[in-house]
Structures are given as C-alpha cells and as structure tokens.
Amino acid sequence: MSVNVLFVCLGNICRSPTAHGLFQAKVNAANLHHKITVDSAGTGGWHSGAAPDKRAQKIAQSRGYDISHLQARQVKPSDFNDFDYILAMDNENLINLQQQKPSDYKGVLGLFLVEAGVVSGTESSEVPDPYYGGEEHFEYVIDLIDQAVDGLLQRICDEHRLN
Ligand code: 4NP
C-alpha cells in the first residue's frame, strides 16, 4: 500500500503543480516512487485540463524540474478516500477542503507549510497566490515549496518508516 499525497491550491496551475513536480522529483530521487504517490488539484475548476501556467513552468524548468506534462483538475469527493495527506497552499483553500471533508476522513488535512514543518508560529503559514503577481512572486513560491517538500518527505518517511 502506498502513501498518497495530494497538493491543493485554487487553480491547480501555479502552486500545487509546482509542489507536485518538485515532490515527485524528490520521491523519485529517493527511490520511493513505488511507495509514495503524488497528485495535485484545485478547489476551483476553471483551468481543468490545462497545463501549468507558463510562468510556473519556466521557473520550475530553470531549477531543473519539468512540470509541463501536468494537467489541472478539480478536487473531487473520492480524493478523501484516495489520499492520506491533503495539503492546502493557503487558508482559503484549507477552509474549502474542510467544508468538503467527510466526517470520517482519517488522513491529514492541513496547510502544506505547517504539515511540512517549515513554519513557526510567527511566520506566514501560507504559500501566497502568485497568479496576479510578477516573476518574483513565482520565485518566492518555488523557494518556499522547495524547502517544504524536503520537510514533508522527511516527515512521511519517519511516519511510515520508509527509510
Ligand atoms: P494557483 O493560482 O491557485 O496557484 O494555481 C491561481 C491560478 C488561477 C487563478 C487563481 C490562482 N484564477 O483566478 O484563475
């Protein structure tokens, strides 16, 4: 049985596909792809079927990650059956997911940065939406995500004794 991880943002074209691509790359590098599966989705469905935003693709490519093959989709009810960790990029998306969550959901539903252990109580616990921002916002987002996926992988390995 694999551990299944879902990253969630609003459109599933900027933040969560970036987290999806970087986390998948680190899972692969650790040779854990048969034990950890990764996906991403949006609480909104406007971009369903679309590739990641060109700016997100470009910044990921510049760091050595190809996310061009990913396709946006909306969160669906079965995600709460299928995923052990559902990680929201910001509070708005977390609240949306909490409202959809079945009362018997046994997994971890929380903020990505908090669950990855990279923020203290004084720092912002959100990955901010870069969609209406400039390239520097995308840089900021990928830096945060890069740090957080390392913390998340360590946590999951510890919790599931994967290495
Ligand atoms: P994401 O960014 O949630 O990181 O994928 C956004 C993408 C699209 C929109 C908002 C945020 N939008 O309003 O279309």
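The values are calculated or read from the model by the stated rules, or taken from the named source; none is laboratory data. Predicted model, so just to flag it, every value in this text is computed and none were measured. Reconstructed Cβ throughout: ideal geometry from the backbone, glycine too, with neighbour counts over all protein chains shown. Heavy atoms of the whole protein, side chains included, go into the accessibility calculation; ligands, DNA and RNA do not. Shrake-Rupley method; radii C 1.70, N 1.55, O 1.52, S 1.80 Å.
Things worth noting here:
- Residues being open to solvent by less than 60 Å² (accessible area, probe 1.4 Å), more than 12 Å from the ligand (Cβ to nearest atom) and acidic (Asp, Glu) - total across region 42-83: 1
- Output for region 28-41, where each listed residue is in contact (Cβ under 8 Å) with a residue 24 or more places away in the chain and either among the hydroxyl-bearing types (Ser, Thr, Tyr) or open to solvent by 60 Å² or more (accessible area, probe 1.4 Å) (or both): 34, 35, 37, 40
- Tally of residues being farther than 22 Å from residue 29 by Cα, in contact (Cβ under 8 Å) with a residue 40 or more places away in the chain and in a helix (DSSP H, G or I) across region 53-73: 1
- If you go through region 1-10 and pick out every residue that is touching a strand residue (DSSP E or B) at 6+ places or on another chain (Cβ under 7 Å) and surrounded by fewer than 24 Cβ atoms within 10 Å (Cβ to Cβ), you end up with 4.
- Any hit, region 22-37, residues being in contact with a strand residue (DSSP E or B) (Cβ under 9 Å, 6 or more places away or on another chain) and within 16 Å of the ligand (Cβ to nearest atom): yes
- Among residues of region 1-24 that are free of Cβ contacts under 8 Å to residues at least 24 places away in the same chain, those with a Cβ under 6 angstrom from a residue that is away from the ligand (no atom under 14 Å from the Cβ) and of a type in the set (Val, Ile, Thr), sequence gap 6+ or separate chain, pair up as 24/38.
- In summary, residue 13 fulfils each of the numbered conditions (1) part of a loop (DSSP other than H, G, I, E, B); (2) surrounded by 18 or more Cβ atoms within 10 Å (Cβ to Cβ); (3) of a type in the set (A, V, I, L, M, F, W, C); (4) away from the ligand (no atom under 16 Å from the Cβ) with the single exception of condition (4).
- Search result, residues across region 85-124 that are modelled with pLDDT under 95 and within 16 Å of the ligand (Cβ to nearest atom): 124
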